[in-house]
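Peer 1: Take this structure first; my questions come after.
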Amino acid sequence: MPTRWTLDPDRCFDPDPRQRDVARSLFDGVRDLPLVCPHGHVPPALLADDAPLGDPATLLVVPDHYVVRMLYSQGVAMEDLGLPRRDGGASESDPRAIWRRFCEHYHLFAGTPTGVWLKQELIELFDVEERPSAENADALFDHLADRLADPAYRPRALFERLGVEVLCTTDAATDPLALHVQLQQDGFMVRPTFRPDAVIDPTRDDWEASIELLAERSGVAVDDYDGFVQALQARRTAFREAGATATDHGAFAADVRWLEPDTAAATFDRLRSGRADALDRGRFASHMLAEMARMSADDGLVMQLHVGSLRDHHQAVFERFGRDVGGDIPVAAEWTRALRPLLKRLGADPGFRLVLFTLDESTYGRELAPLAGHYPALRLGAPWWFFDSVLGMERYLDATVETAGIYNLAGFNDDTRAYPSIRARHDVWRRVSCNWLAGRVVRGLIDEDVAPTLAKALAYDLAKSTYRLP
Amino acid sequence: MPTRWTLDPDRCFDPDPRQRDVARSLFDGVRDLPLVCPHGHVPPALLADDAPLGDPATLLVVPDHYVVRMLYSQGVAMEDLGLPRRDGGASESDPRAIWRRFCEHYHLFAGTPTGVWLKQELIELFDVEERPSAENADALFDHLADRLADPAYRPRALFERLGVEVLCTTDAATDPLALHVQLQQDGFMVRPTFRPDAVIDPTRDDWEASIELLAERSGVAVDDYDGFVQALQARRTAFREAGATATDHGAFAADVRWLEPDTAAATFDRLRSGRADALDRGRFASHMLAEMARMSADDGLVMQLHVGSLRDHHQAVFERFGRDVGGDIPVAAEWTRALRPLLKRLGADPGFRLVLFTLDESTYGRELAPLAGHYPALRLGAPWWFFDSVLGMERYLDATVETAGIYNLAGFNDDTRAYPSIRARHDVWRRVSCNWLAGRVVRGLIDEDVAPTLAKALAYDLAKSTYRLP
Amino acid sequence: MPTRWTLDPDRCFDPDPRQRDVARSLFDGVRDLPLVCPHGHVPPALLADDAPLGDPATLLVVPDHYVVRMLYSQGVAMEDLGLPRRDGGASESDPRAIWRRFCEHYHLFAGTPTGVWLKQELIELFDVEERPSAENADALFDHLADRLADPAYRPRALFERLGVEVLCTTDAATDPLALHVQLQQDGFMVRPTFRPDAVIDPTRDDWEASIELLAERSGVAVDDYDGFVQALQARRTAFREAGATATDHGAFAADVRWLEPDTAAATFDRLRSGRADALDRGRFASHMLAEMARMSADDGLVMQLHVGSLRDHHQAVFERFGRDVGGDIPVAAEWTRALRPLLKRLGADPGFRLVLFTLDESTYGRELAPLAGHYPALRLGAPWWFFDSVLGMERYLDATVETAGIYNLAGFNDDTRAYPSIRARHDVWRRVSCNWLAGRVVRGLIDEDVAPTLAKALAYDLAKSTYRLP
């Protein structure tokens, strides 16, 4: 009989007894603070509909690209994990079979953040008592299905149980926002985030269609560049009225550079009439990022910029399964030169706030911390994606705090689609940041009496203040 | 009188008592596993001839570029270390004088992996009891010479004493392979590795001559591109028949890109007729790497790719002493874009396996771990060269495991020319990886009951399975 | 009532009891060694004049760009910190008001090296007993003003109290050097360092004016390239006669490449006659760096090269407040290819010594340590600027020692304008390096009996030998 699978109450903490004592004490002070979630990908419909979360495989395996990629890398076909094929080809439709494959390969997650999150989620939220394995896969499936059928596991009930104070979603610029309005009327603090990539980046396939939708949604004719800008401003206003405090932008590189107004207008016309080339498209995308910054300085929406992922690296997987299934790979980033034109104009503008996210850790200490340690408008976003992990967080704090200080960081965000894992993710950050502070305290580098304030800042305050959440 | 020079039985382990206990226990489980050596540079003749290993200086100083470069960097002339000059100029010919210079400068190795390996080798294998110094240089020389004259220190006797299960050598594509056949007949598991750089890279001076030799060795006329490809395939077959399971490739950059078949054939003709330019040469080398990948997918030989060294950086040293004397310097690497064409075609091919090695640690977490955590064909090679060190290994595990998991790593290889140091090198890896796992265990991030399996995987299983060793 | 603000006697040391014991013991052996300061920016006039150091704000806040940038990044205007505007616009003129703003924001320095240095300086040198805060700002100001009025806080008195053995300043190539001569006559070992950026870099605005001054100061007519070179050599001789043992060079990139002599002369003529373009300027600057190296090989002045800062990144701040106020941001560096021409010619020249400094930590292990571990002329400079911090030093030692060894490092330099902080900065380095060595000792990787010698090398010997200080 297997021993019971348990959570170490001191997980993430260094083993040194003195550091552990300080870490425990700091963590006790922040463990139960409400969760501030300023950036993530939970669909608002999940909470608006409040339907049961579904079977274990459809909830925990199929939509989680961290899980899918790891199994795929070790030879499990994505079809066998139930990922729908774009060509309508066959995929596994039996959730139990998918779950079994996941359990058979559970050892692959040893030492990964996915393993850490899953363990906490399974034990704390779902009362699982054994590590998943080929042997217990079926029993576990039944156990989880049982729990998920319980109304206590409905999304709205979990919102409270997880302790969420505010949850920001990520929404297309053309989103009708009706769900957010409804949720707020029902008393759930779910805020939209303005994500205009599809409408401002003409290098995308869906740009034309998105522009049509933008015109429709905004009620502004998008016949020329002026109309385009007005439509965007109308949508930003609608987002603000629906509770948004931030925008979000993904880009391959950080080049943000204004075109001359006439050039911008002429480029827009070329784009719309199909006479634009690749250079036009790239320059217009970069210009529109700059315009989003200008509008942020005006309307106060905090601008988030995520840079450096080569999306859909594996063409065959993209063609068969589409985006966001684990085939996005980072590249080296450059910030110092790329952001200079933007910061020249807005780096000290009190209305402007820019939160930067990188997948290139070598830029933390070399570029991002020095930038954030100078420009009033800048804050450093939480460790992103592959680096939302125990060691990733430690390297982030190691590389940024000495140069930028604690107060130029943006706190934490969970960036997740996996709604039930939210608490586990914040828990890791709170533990790691408390342990990191404890390490500084026992080395005499941070005064012990100020450490609790810093721990609370990292766990709660900085996320709220950075994102201008009330 | 100096105190006795001893090995710390807990060397490489963190000092924290709890972590040390777990590390010890994990290491106890792997310490005596046989050594799997899937990549290295021990000359097969060493074992085939089974001649005495020579005097201490000729064994431990002259051929070890780690040793030579360190002494050279502090002002010791390479001539004075006995390195033969290509122009026939004088070099120190007295091994005892060379050994004395080495001992006088032994303090330079404090904190380096060379220091760690030498210490273990001298104490464990050669029963040395004092740290080398100017004072004891002569006595040490005599002591070592004594040991080396003993038949127990012959290469074949050491093979057993070192506990080698399988030793893969690195061999020119034109190698006759007779020594490997003989060694296997004599019961020594020494396998060749197909290293075709000289025949597939026309940027090298020796390309023309190597092509002639390739034709001779393969028995295939290399009159045109088709013949060239057939000759290569014939040699790959010969290597497989002689026990090879892998190929090895060194390249300045990771660009691997097929030419159109016609273009490849025409470029080959231009190269052979002396009408090719630098661009032709570079493109053809990149194409042939891609072709090697294609053949690997067919014949199952595991492909190793080592990228990012600017060879013979110091021209004067190269001109006087030739290659591989410590003047190779790394440059920044790029993998995400460079490998995309190759992985598009073969990244999910079940016959293909590619093991990647880098000298640019910033690519571990940014590019290599995300790639290996997605593509089924990829495995991450062991920390290479300058990073085959205690801290290099720790940074490697820190930067890769969270993203790629343990099971997308390729285990360890010693990559050494220094035959008697093999055990010390594996010992460091086994200690460091056990200590790393122990750190995860005491922080509650890896379940203690699975850690022994992971330790064995890193010490033994992954090297065998990655390299398809039976 | 606040508890007394005290220094942890074990600050910077790891908490593990065994490591801490070894670290303490190593630190005891180096704590009181005299300070060797081979590179810094203390104005020689400070010591020559020996005037009182001024009020607390003018001493500790206004001129310290680490302090200014952190407050500025959190919304404090530079005017309100008393920085003089170039346009003569109003700036805060009340030191007490500036000091109050600093104290109100003191929490921003938690976890930063500035916080560590200030704490030690305030407590050890100025007997402060409370952490600065809004509440105690005025009392602290009075306390510090009191101390600063005491003759014991005059620069010359502090020279002794800080324990400085030798202090090297950084001086324009056109500096008259009279102050250094005077200081040496008065028994203070203050040496100049030849910093010719203004005269050898025609990309600078002040190049023309600097050339005129060079001619005047050297007494050599700078009518053509030959005269220019002779004038530089004359100044180098004057610096050597005034006690200089080193030169210092700042460059955006490490490209150092000779022009053909004729080309250099023709370019100089074009530059002087206003017919040069940007390419000319860049190539000539690179050529003159190479010439500086050639002269160093001749006259033995140790060459320091600092690479990789994009100066005055924030144009508005530069225009309003000028250089060196916290708006310089690093970029990625490349050394392997860039230094090859220089090292080809001088890398093994016994007269030449080159000390390299980087702001791109990814080059420590990838390029700089391999280069320094081979070329006799190279030494690795101390962790620079943002990396002159506890974690920065640890990463530096982690990334360089295994490859380059201890003896290819250049020891420490404080690089500071903040004269009273010198001791605190050396103290951090000595503590961190002792703790780092202790970590290697308790892990069995450095023999305990050699560690004290290594600690002394890092604290004292290497700085002296690298910079050829007698």
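Peer 1: How big is the charge dipole of chain C about its Cα centre, in debye rounded to the nearest 20, if each Lys and Arg gets +1 on its Cβ and each Asp and Glu gets -1 on its Cβ? Before the final figure, lay out the partial values.
Peer 2: On the way: 53 positive and 73 negative charges, 200 e Å.
My answer is approximately 960 debye.
Peer 1: First select every other residue whose beta carbon is under 10 angstrom from the beta carbon of residue B:323; then total the charges, Lys and Arg +1, Asp and Glu -1.
Peer 2: Details: positive: B:311; negative: B:312, B:324, B:328.
The answer is -2.
Peer 1: Looking only at the protein assembly as shown, where both bridge partners belong to it, what percent of the DSSP beta bridges are antiparallel (to the nearest 5)? Spell out each step's value before the answer.
Peer 2: Details: 6 of 75 bridges.
So the antiparallel bridges amount to about 10 percent of the total.
Peer 1: Distance between the C-alpha centers of the stretch C:264-284 and the stretch C:329-372? Whole Å please.
Peer 2: The distance from the Cα centre of the stretch C:264-284 to that of the stretch C:329-372 comes to 26 Å.
Peer 1: Going by how many other beta carbons lie within 10 Å of each one, how would you line up B:200, A:123, fewest first? It would help to have the intermediate numbers written out before the result.
Peer 2: On the way: B:200 24, A:123 18.
Ordered from fewest to most neighbouring Cβ atoms within 10 Å, B:200, A:123 come out as A:123, B:200.
Peer 1: Dipole of the stretch A:53-153 (Lys/Arg Cβ +1, Asp/Glu Cβ -1, origin at the Cα centre): which of A:115, A:97, A:71 lies farthest to the positive side?
Peer 2: The listed residue farthest towards the positive side: A:71.
Peer 1: Across peptide C:319-332, what mean number of C-beta atoms from other chains lies inside 10 Å of a residue's C-beta? Kindly include the intermediate steps, with their values, before the conclusion.
Peer 2: Working: counts 0, 0, 0, 0, 0, 0, 1, 3, 6, 2, 15, 9, 7, 12.
If you average over the peptide's residues, the count of other-chain Cβ atoms is 4.
Peer 1: Calculate the length of the line joining the C-alpha centroid of the stretch A:1-74 to that of the stretch A:429-447, in whole Å.
Peer 2: About 22 Å separates the Cα centre of the stretch A:1-74 from the one of the stretch A:429-447.
Peer 1: Right, something else. Between C:418, C:365, C:392, whose Cα lies farthest towards the positive end of the dipole of the stretch C:345-439 when Lys and Arg beta carbons carry +1 and Asp and Glu beta carbons carry -1, centred on the Cα centre?
Peer 2: Projecting each Cα onto the dipole axis, the largest value belongs to C:418.
Peer 1: Further, regarding this structure: Wrap a convex hull around the Cα atoms of the stretch A:80-196, take a quarter of its surface area, and give that in square nanometres. Can you show the working numbers first?
Peer 2: Numbers: hull surface 40.2 nm².
For the stretch A:80-196, the mean projected area of the Cα convex hull comes to 10.1 nm².
Peer 1: Next question, about the same structure. Hey, what do the phi angles of the stretch C:294-301 turn into as Karplus ³J(HN,Hα) couplings, whole Hz, using 6.51/-1.76/1.60 and θ = phi - 60°, x for Gly and Pro?
Peer 2: Once rounded to whole Hz, the list reads 4, 5, 4, 4, 7, 9, x, 5.
Peer 1: Could I ask something else about it? When only DSSP loop residues count, what trypsin sites (Lys or Arg not before Pro) in the stretch B:396-470 have their Cβ near at most 13 other Cβ atoms within 10 Å?
Peer 2: Details: sites: B:417, B:423, B:425, B:430, B:431, B:440, B:443, B:456, B:464, B:468; in loops: B:417, B:443, B:468.
Passing sites in the stretch B:396-470 are B:468.
Peer 1: Now for a separate question. I need the trypsin sites (Lys or Arg not before Pro) found in the stretch B:242-346, filtered to DSSP loop residues with at most 13 other beta carbons within 10 Å of theirs.
Peer 2: Loop-located and lightly packed - B:275, B:311, B:323.
Peer 1: Percent relative contact order of chain A, based on C-alpha pairs within less than 8 angstrom and at least six residues apart? Intermediate values should be presented prior to the final figure.
Peer 2: Working: 796 pairs, mean separation 95.7, N = 470.
Relative contact order comes out at 20 percent.
Peer 1: In µm²/s, what is D for chain C at 10 °C and 1.306 mPa s, where D = kT/(6 pi eta Rh) by Stokes-Einstein and Rh is the Kirkwood radius from Cα pairs?
Peer 2: On the way: Rh = 23.5 Å.
Rounded to a whole number, D works out at 68 µm²/s.
Peer 1: Once Lys and Arg get +1 and Asp and Glu get -1 on their Cβ, which of A:57, A:6, A:268 lies farthest toward the positive end of the dipole of chain A?
Peer 2: About the Cα centre, the residue reaching furthest to the positive side is A:268.
Peer 1: Can I ask one more? Which whole-number percentage describes the relative contact order of the stretch B:211-267, with Cα contacts under 8 Å and a sequence gap of 6 or more?
Peer 2: Working: 26 pairs, mean separation 15.7, N = 57.
Relative contact order of the stretch B:211-267: 28 percent.
Peer 1: Take the Cα coordinates of the stretch A:4-59, assign each an equal point scatterer, and use the Debye formula without solvent to give log10 I(q)/I(0) at q = 0.15, 0.18 Å⁻¹.
Peer 2: Here the Debye-derived log intensity ratios amount to -0.78, -0.87.
Peer 1: Among A:465, B:296, which comes first, second and so on when ranked by fewest other beta-carbon atoms within 10 Å?
Peer 2: Numbers: A:465 15, B:296 24.
Least crowded to most crowded, the residues run A:465, B:296.
Peer 1: Oh, and also: At residue A:96, with labels set 7 Å past Cα in the Cβ direction, how many nm apart are the copies from this one, shortest first?
Peer 2: 8.2, 8.2
Peer 1: Next question, about the same structure. Starting from the stretch B:190-242, pick out the trypsin sites (Lys or Arg not before Pro) whose DSSP state is loop and whose Cβ has at most 15 other Cβ atoms within 10 Å. All intermediate terms of the calculation are to be shown ahead of the outcome.
Peer 2: Numbers: sites: B:204, B:217, B:235, B:236, B:240; in loops: B:204.
Those that pass, being in a loop and sparsely packed, are B:204.
Peer 1: Starting from a label point 7 Å past Cα on the Cβ side, list the distances from residue A:341 to the same position in the other copies, nm, shortest first.
Peer 2: In nanometres, ordered from closest: 3.1, 3.1.
Peer 1: Over the stretch B:54-153, calculate the relative contact order: mean separation of alpha carbon pairs under 8 Å at least 6 apart, over the residue count, as a percent.
Peer 2: Values: 91 pairs, mean separation 29.4, N = 100.
Worked out over the stretch B:54-153, it gives 29 percent.
Peer 1: Based on the Cα coordinates of the protein assembly as shown, what is the per residue volume of their convex hull in Å³?
Peer 2: Values: hull volume 272.1 nm³, N = 1410.
Spread over its residues, the Cα hull of the protein assembly as shown gives 193 Å³ apiece.
Peer 1: Let me ask something else about it. If you place +1 on the Cβ of every Lys and Arg, -1 on the Cβ of every Asp and Glu, and leave all else neutral, what size is the dipole of the protein assembly as shown about its Cα centre, to the nearest 20 Debye?
Peer 2: My answer is approximately 60 debye.
Peer 1: Using the count of nearby Cβ atoms within 10 Å as a rough guide to exposure, how do A:229, C:317 rank from fewest to most?
Peer 2: Details: A:229 19, C:317 24.
Least crowded to most crowded, the residues run A:229, C:317.
Peer 1: Distances in nm, one decimal, shortest first, from residue B:134 to the same residue in every other copy, taking the label point 7 angstrom along Cα→Cβ.
Peer 2: 6.5, 6.5
Peer 1: Could you quickly flag the chain B residue whose beta carbon comes closest to the rotation axis taking B to C, and that distance in whole angstrom?
Peer 2: Taking Cβ atoms only, the nearest residue and its distance are B:362, 3.
Peer 1: While we're on this one: Just from its helices, what would the mean residue ellipticity at 222 nm be for the protein assembly as shown, if runs of 4 or more DSSP H residues each count -39500 (n - 2.57) and the sum is divided by every residue, rounded to the nearest 500 deg cm²/dmol? Numbers along the way, then the final one.
Peer 2: Details: 63 runs with 637 residues, N = 1410.
Value at 222 nm, helices only, nearest 500: -13500 deg cm²/dmol.
Peer 1: Taking the Cα centre of each part, how many Å lie between the stretch A:84-161 and the stretch B:221-254?
Peer 2: What the calculation gives is 47 Å, centre to centre.
Peer 1: Give, rounded to the nearest 20 debye, the magnitude of the charge dipole that the stretch B:54-153 has about its Cα centre when Lys and Arg contribute +1 at Cβ and Asp and Glu contribute -1 at Cβ. Provide the component values of the computation, followed by the final result.
Peer 2: Working: 9 positive and 18 negative charges, 92 e Å.
That gives the stretch B:54-153 a dipole magnitude of about 440 debye.
Computed from the coordinates by the stated procedures, all read-outs in this text should not be read as laboratory data. The shown structure was predicted, so the numbers you read here are calculated from the model rather than taken from an experiment. Don't worry about glycine lacking a Cβ; one is built from the backbone with ideal geometry, like all the others, and counts go over all protein chains shown.
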